[in-house]
1. Treating only the Cβ of Lys, Arg, Asp and Glu as charged (+1, +1, -1, -1), what charge dipole size does the chain show about its Cα centre? Round to the nearest 20 debye.
2. Mind listing the lone cysteines of the chain, meaning no other Cys beta-carbon sits under 4.7 Å from theirs?
3. Using the alpha carbon gyration tensor of segment 21-129, what are the three equivalent-ellipsoid semi-axes (square root of 5 times each eigenvalue), largest first, in whole Å?
4. Could you work out the relative contact order of the chain, using alpha carbon pairs under 8 angstrom and six or more residues apart, expressed as a whole percent?
5. Please identify the DSSP H helices in the chain that span no less than 27 Å along the helix axis (Cα) and have a mean Kyte-Doolittle hydropathy of -1.0 or more.
6. Based on the inverse mean of 1/r over its pairs of different Cα atoms, what is the Kirkwood hydrodynamic radius of segment 154-219, in Å?
7. How would Tyr42, Tyr26 line up from fewest to most surrounding beta-carbon atoms within 10 angstrom?
8. Take each of the peptides 209-219, 160-170, average the number of other beta-carbon atoms within 10 Å over its residues, and list them starting from the highest.
Amino acid sequence: MQFSSGKIKPHVGWLALPFALVFFAYFVLPLVLTIIVSFWDYTDYAIIPALILDNYIYIFDGCFSNEGGLCLTLKTYLSTFFFCFFTWLITLVLGFCVAYFLAFYVNSIPLQVCLFLVCTIPFWTSNVIRMVSWIPLLGRNGLVNEFFLSLGIIDQPIEWLLYSSFSVILALVHLYTLFMIVPIFNSMIRIDRSIVEAAYDAGASHRQIIFNIIIPLSKTGIIIGSIFVVTVVMGDFLTIGIMGGQQLASVGKIINTEMNYLQFPGAAANAVILLIITIFIIYVMTRFIDIRKEL
């Protein structure tokens, strides 16, 4: 391509240079430093540059013994996967239903925008405030228990409503469902309505249309939303700490605790392992679609 004066334009690759520098400075460089630090040694008062595997060996110490049972590391990762899986599953179902309603039952664009704003209202406050707001509802003397007691449904307060796996998953779903709604809605809004109408004319049931047309054509949004939710929940420690009453384990909490005690090499090793597992999960998800081609 040429200017009107006949001069050749600069290579368009230079336009990406500022973004590449930001990407390198805020993603690649910290990631490389984390990997390097994970091989360092440390004491109670110092970090010693070295090239050792002790941090990784310590993490998996006892996991491959013949004594039976799961080691602490595997239990912690299983706990993290537990929260991640159920949060992903619930947000997927809720996100799909909300996106389906907005895309196929709300025909007014202003109303769609208004309903999206309603979904984003919780994001106008911090995560901590949104989590703490559940405590007066789910606590032993909270509104939910008081309501059930007044109706005579229960004889004593329900203990597992708060500071339990239930409250953690509830808070995570509350925080991250929107991450699933938006990409699924973006995929559904692109579906040609004539395909759905043709399926109805051919005698397809509502269930058949959802499973044979809507879901396959929305798989890009489903995968992208799943990636958003999984990556955020895998490293979450604040929600699990507050809503779990500091009684439930997760890898993110271990990393946060190690950093608070200035055990940076140990925290870096856990972070590298968690990153590898998360990347593997994302890799498996992206095998179902070519995101770049679909977008």
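Please treat every number below as a calculation from the coordinates, not as lab data. Worth saying up front: this structure is predicted, and the values here are computed from it rather than measured. In this analysis, Cβ positions are derived from the backbone assuming ideal geometry, glycine residues included, and neighbour counts consider all displayed protein chains.
1. I would put it at about 1040 debye.
2. Cysteines of the chain left without a disulfide-compatible partner: Cys84, Cys97, Cys114, Cys119.
3. Values: eigenvalues 386, 110, 32 Å².
In descending order the semi-axes read 44, 23, 13 Å.
4. On the way: 290 pairs, mean separation 71.5, N = 295.
Relative contact order of the chain: 24 percent.
5. Span-like helices in the chain: 72-104, 165-188, 264-286.
6. Numbers: mean 1/r = 0.0666 Å⁻¹.
Roughly 15.0 Å, rounded to one decimal.
7. Values: Tyr42 19, Tyr26 10.
Final ranking by Cβ density, sparse to dense: Tyr26, Tyr42.
8. Numbers: 209-219: 16.1, 160-170: 19.6.
Taking the mean over residues of other Cβ atoms within 10 Å, the ranking is 160-170, 209-219.
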